[in-house]
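The values are calculated or read from the model by the stated rules, or taken from the named source; none is laboratory data. Predicted, not measured: the structure shown is a model, and the values here were computed from it. Using ideal geometry, Cβ is built from the backbone for each residue, glycine included, and neighbour counts are taken over all protein chains shown.
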Amino acid sequence: MSIQHFLVGIFSLLSLTCLVRADDRISLPMFGGGSQITRDNAERIELALRSPTDCRFVDESLEKAITTLGQRHHIETWIDIQALQDEGVASDQQVTLAKSGLSLEATLDLLLQPLGLTFVSEDGVLKITTQTTGCEIMSTRIYPVGDLVGTNYKVLSQLLIDNTSGQWVIIDQEGGIITPFPRSRSIIIRQTYKVHREIEGLLTALRQSKKMQVTSLPIRSSDPHRLNAAEASLKIRPTQRTQQLRPTPVSQPTRMWSAGG
């Protein structure tokens, strides 16, 4: 990478930090490259992967099955023929899968994993490739996490490392990198597409858990004559409250006076 490209990247990153809020729920690409059409297509793919889908493939070619799913969800798909051939998988490999109600992401996993394949969203296209090639394609994203970590980024970083399937430089000297960026209350992560999706799932689960902890606190009834179990166990009668709040009398020492005053 030339010095010019490096400086352009740094300035792009700094400009993005002004747009990141701690309560954002999305991950952002590190550098805003590509056309608006490419970015729109990438967003459409992310939404489609979370959407439910149906499939009824019986001895269907892999290529036709992927094309059908892409058309159904209005996303661009592409099969890395060369990568498949390198590992002995043909694009006309027959597949059979009948599922309904699952997300597109889960459906693709069931369809591709038995063949040693995976999918990657890159350049606004959902690419089907081998798991080996998928592990070699890395991208960098910014994750706003200020609502989760406060100022302690180390604990969250270790949690993500321990609970994802990817390789990390901090463990085996190769793989992904995670870097705290307190200025924007974010973490910057370079990892494979699969691990990025795992990270998004973990962060979503953490936020849901945090929300449940807040909403599970006892709520005081608006009717003073109707108390829930938690309130009833804590209720104190007025006489008891008065007795508890009244200070215990302390006996004063008797002062001795001499005859001379």
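Under the condition of being outside any helix (DSSP H, G or I), among the hydrophobic types (A, V, I, L, M, F, W, C) and farther than 23 Å from ALA205 by Cβ, the residues counted in region 163-176 number 0. Only a single criterion out of (1) of a type in the set (Val, Ile, Thr); (2) more than 17 Å from LEU126 (Cβ to Cβ); (3) without any contact (Cβ under 8 Å) to a residue 40 or more places away in the chain is not satisfied by VAL95, namely (2). The residues of region 135-186 that are touching a residue at least 60 places away in the same chain (Cβ under 8 Å) and not basic (Lys, Arg), listed by number, are SER139, THR140, ILE142, TYR143, PRO144, VAL145, GLY146, ASP147, LEU148, PHE181, SER184, SER186. Quick check, is ARG56 over 30 Å from the mean Cα position of the chain (by Cα) and either surrounded by fewer than 17 Cβ atoms within 10 Å (Cβ to Cβ) or not basic (Lys, Arg) (or both)? Against the criterion (over 30 Å from the mean Cα position of the chain (by Cα) and either surrounded by fewer than 17 Cβ atoms within 10 Å (Cβ to Cβ) or not basic (Lys, Arg) (or both)), ARG56 qualifies. The listed residues are LEU69, LEU62, and the only one of them that is at pLDDT 95 or above, crowded, with 19+ Cβ neighbours inside 10 Å and more than 26 Å from the chain's Cα centre (by Cα) turns out to be LEU62.
Listed by position, the helices (runs of 4 or more DSSP H) inside region 73-162 whose residues that are outside the structural domain of LEU47 (by TED's automatic domain parsing) and within 23 Å of PRO52 (Cα to Cα) number at least 2 form an empty set.
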